[in-house]
Amino acid sequence: MSLARIQEFWNNIPELPVVRGLIAWSKERSLPGFFKIPIYDVTVFVFNEIRRFDLFTRANSIAYSFFISLFPSLLTLFTLLPFLNRYLLRFITKGDNFNQVLQTEIHKIMPGSVGDQLFLFIKDITEVERVGMLSFGFLLSIFFSSNGMLAMMRGFEKSYSKTFKNRSVIRKRLVAIGLTGLLSFLLIASIVFIILGKSIIGWLSGYIALAGFSTVGVDILRWLAIIFLFYFGISVIYRYGASTYRRFSFFSAGATLATVLSLLASLAFSFYVDDLGRASTYNKFYGSIATLIILMLWIQFNSLIILIGYELNASIAVNRDLIPKIEEEESID
């Protein structure tokens, strides 16, 4: 099939009876969270914005900024872990051997030699307190991590004056620092809950009646908490990261879409990493370079997903704010 025929077929798609019927239906229907905006109007706006502002270029810029901010953030996190180990993590395990609990839980998530290496790495950094590194790493992480969030906030900026407003440079930086701190806390909480979920349930059972809580129940509760943390983090980014006159609702269509896509992407990457971990030549052939590439791809995909969810929210907000103007013009006519 020649290129001309493919182009002709593509141009004729909107004229197909099924497509025309679907378009007519979407112009008359809305979805929960769309504020009665037709599905067609929302979809057209999203696609036009993606084409106008090159979503992939914006996602690349955000992913690069976040990747650069990752290393000072990890430096601070690893410096904090010995203090968490002393004051919190060992308390949660109720006197059990913390390293044994940690190794068992890590192997449930990442079996094989990769899990062994991760355990030895975490064990090493949790046993030595580095107070001097804490202050240096903390200052670096505040600056570079907020740069990553700042890049995302710039990707949220739009020129629709009825919906979006301008922020000063100082206000942008303060909002970026606040969001970075909150999301860092959520990241630490999710990691702790994934690794030590069973121990946390055991600790809570001393205060709440959780007798007979099965392993399946623990796993369900663990993943519900992870889903909530994903949704909460994305909703906070949309609500406070976007410079709008009316903040996005915490429960929004864009946050729901981004959470579902982000969880699916994370699960897909986890299966891929698990397959690499099972390969006998993983350490020799791939090593840390493969892990770094996978991490970069994961950040890239999630940056793109967050932008897609944001464009959905922005489409709903802009169309919602245009309704009063359209009604006013119709009343004048």
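The values are calculated or read from the model by the stated rules, or taken from the named source; none is laboratory data. In this text the structure is predicted, and so the values were computed from the model without any measurement. FYI the Cβ positions are ideal-geometry reconstructions off the backbone, even for glycines, and counts take in every protein chain you see.
Please find, among Arg51, Arg58, Arg29, the residue that is basic (Lys, Arg), touching a residue at least 12 places away in the same chain (Cβ under 8 Å) and either surrounded by fewer than 19 Cβ atoms within 10 Å (Cβ to Cβ) or within 26 Å of Ile316 (Cβ to Cβ) (or both). Can you show your working first?
On the way: Arg51 fails: touching a residue at least 12 places away in the same chain (Cβ under 8 Å); Arg29 fails: touching a residue at least 12 places away in the same chain (Cβ under 8 Å).
Just a single option satisfies the conditions, and that option is Arg58.
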Exercise. Is it the case that some residue within the range 265-275 is more than 25 Å from Lys172 (Cβ to Cβ), in contact with a helix residue (DSSP H, G or I) (Cβ under 6 Å, 6 or more places away or on another chain), of a type in the set (A, V, I, L, M) and at pLDDT 80 or above?
Worked result: yes
